[in-house]
1. Take the residues in the range 102-143 that are closer than 19 Å to residue 163 by Cβ, within 14 Å of the ligand (Cβ to nearest atom) and aliphatic (A, V, I, L, M), then tell me which one is surrounded by the most Cβ atoms within 10 Å (Cβ to Cβ).
2. Got a sec? Which of 10, 24, 37 is more than 21 Å from residue 239 (Cα to Cα), more than 17 Å from the chain's Cα centre (by Cα) and not basic (Lys, Arg)?
3. Could you grab me the full set of residues in the range 333-360 that are hydrophobic (A, V, I, L, M, F, W, C) and within 12 Å of the ligand (Cβ to nearest atom)?
4. When only residues in the range 205-231 that are in a helix (DSSP H, G or I) and touching a Gly at 6+ places or on another chain (Cβ under 8 Å) count, which is nearest to residue 29 (Cα to Cα)?
5. Given the residues 53, 133, 102, which is the only one that is more than 19 Å from the chain's Cα centre (by Cα) and hydroxyl-bearing (Ser, Thr, Tyr)?
6. Give, as residue ranges, the helices (runs of 4 or more DSSP H) completely inside the range 17-122 that count at least 2 residues that are among the β-branched types (Val, Ile, Thr) and at pLDDT 95 or above.
7. Could you please give the count of residues in the range 33-50 that are out of contact with any helix residue (DSSP H, G or I) (no Cβ under 9 Å at 6 or more places or on another chain) and in contact (Cβ under 8 Å) with a residue 24 or more places away in the chain?
8. More than 28 Å from residue 69 (Cα to Cα), away from the ligand (no atom under 15 Å from the Cβ), free of Cβ contacts under 8 Å to residues at least 40 places away in the same chain and out of contact with any helix residue (DSSP H, G or I) (no Cβ under 6 Å at 6 or more places or on another chain) - does that describe any residue in the range 218-225?
Amino acid sequence: ERGGYPHFMLKEIHEQPRAVQETLAGRISEMEGDVRLDLGLNQWEIQTLQRVSILACGTSYHAGLLARYFFPRTAGLPVDVEVASEFQHMQLRPGTLLVAISQSGETADTLMALKKAKTCGVKSLAITNVVGSSITEIVDATIYTRCGPEIGVAATKTFVGQLVALFLLGIRLGRARNHLLPEQGRRLLGELSRLPGLIQAVLERRDQIREIAQRFSGADIYFFIGRDILYPIALEGALKMKEIAYIPAEGYPAGELKHGPLALITEGTPVVAFATCGEKIYSNMKEVRARGGEVIAFAAEGDREAAEITDTVVELPNTLPVFSAVLCTVGAQLLAYYTAQILGRDIDKPRNLAKSVTVE
Ligand code: M6R
């Protein structure tokens with residue numbers, strides 16, 4: 001049932017090229033540079049939208065954070081993202097599209113927050129992997145991620161499916177609001193279609209990533225840093241490391257390191273830097289090196305600057321920075337997986353956790 005893999009998590013990590021193909025299937029309209037998705041909104045409602053508010057927990061919340069960077073660019077729409085269990089005071093005004101993200105569609109915190117938010121009378125949309133799950137009964141429309149069942153407690157392929165669903169949603173909103181031109185839509189969608197092959201190329205780096213995991217498996221803390229669209233991926237990388245390897249891990253916006261956490265960087269502290277989105281992170285990587293920290297960089301193929309700062313570079317195929325978020329994610333998943341395996345953790349059923357959290 002694990003298809004020859006020692007754990008469901010590793011199987012599900014390797015299913016990601018296929019999962020992305022499924023999330024995209026039949027939804028791309030190449031000619032118009034547009035996306036086919038039923039959002040439960042008419043053209044006028046989309047054009048008069050003022051903002052998007054997102055509710056989710058855990059890994060799904062990290063997917064929501066990525067939309068906060070993407071939707072303003074593609075659709076000119078500001079995005080608020082709230083951890084569902086903290087949703088108390090957000091007053092949703094007319095013109096808001098409420099988006100709830102939940103792999104299982106059964107997370108109590110998300111369902112309760114969604115019900116409360118709906119009393120403001122706004123339209124709502126769910127992004128979920130489970131057909132007919134409770135969340136789909138509460139909302140006006142659902143985007144399914146179609147990743148197939150995920151058994152491992154740590155979300156992997158469903159997170160990537162959520163990112164791709166959000167990319168599609170951002171492009172759809174942008175095209176419907178005339179914020180994106182057809183050729184801009186075509187460019188984004190053309191690149192998005194390449195993702196399955198690019199993910200496969202990252203999976204092929206598994207031996208190198210396993211060696212890195214081995215080298216730092218005795219670490220007592222890990223840092224993950226990223227800027228812009230890669231900041232949510234830093235949070236997600238740290239969550240994976242905590243969740244399955246039980247190593248304390250902090251995800252930080254790279255520029256924040258110098259505002260406190262740098263005090264924790266000592267000789268040999270591993271700092272994973274996602275370096276595929278802009279040049280500014282190089283100076284943060286240098287700050288780490290100067291304190292004796294070890295930088296593990298995920299950088300684009302041929303990135304000479306990253307290679308000058310550190311010997312430990314995992315090269316990722318070139319793509320648009322926004323889609324490199326998916327490639328960095330796959331690298332971080334493998335790093336956490338191999339670390340947990342080396343440490344002998346119960347990877348598919350980490351201690352104290354359940355796949356679906358149905359209590360508030
Ligand atoms: O099913 P959901 O997406 O609503 O679950 C939300 C979180 O419980 C979930 O993402 C959790 O953080 C995962 N174990 C992370 O790997």
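The values are calculated or read from the model by the stated rules, or taken from the named source; none is laboratory data. Note that the coordinates shown come from a computational prediction; the quantities given were computed from them, not determined experimentally. Note that we place each Cβ from the backbone using ideal geometry, even for glycine, and neighbour counts take in every protein chain shown.
1. Within the range 102-143, the match that is surrounded by the most Cβ atoms within 10 Å (Cβ to Cβ) is 127.
2. Working: 10 fails: more than 21 Å from residue 239 (Cα to Cα); 24 fails: more than 17 Å from the chain's Cα centre (by Cα).
Exactly one of 10, 24, 37 is more than 21 Å from residue 239 (Cα to Cα), more than 17 Å from the chain's Cα centre (by Cα) and not basic (Lys, Arg), namely 37.
3. Within the range 333-360, 336, 347, 353, 354, 357, 359 qualify.
4. Ranking the candidates gives 228 first.
5. Working: 53 fails: more than 19 Å from the chain's Cα centre (by Cα); 102 fails: more than 19 Å from the chain's Cα centre (by Cα).
That would be 133, the only listed residue that is more than 19 Å from the chain's Cα centre (by Cα) and hydroxyl-bearing (Ser, Thr, Tyr).
6. Because the criterion is at least 2 residues that are among the β-branched types (Val, Ile, Thr) and at pLDDT 95 or above, the helices (runs of 4 or more DSSP H) in the range 17-122 that meet it are 58-75.
7. Narrowing the range 33-50 to residues out of contact with any helix residue (DSSP H, G or I) (no Cβ under 9 Å at 6 or more places or on another chain): 38, 40, 42, 44-45, 48, 50.
From what's left, in contact (Cβ under 8 Å) with a residue 24 or more places away in the chain: 38, 40, 45, 48, 50.
Final tally of qualifying residues: 5.
8. The answer is yes; a qualifying residue exists.
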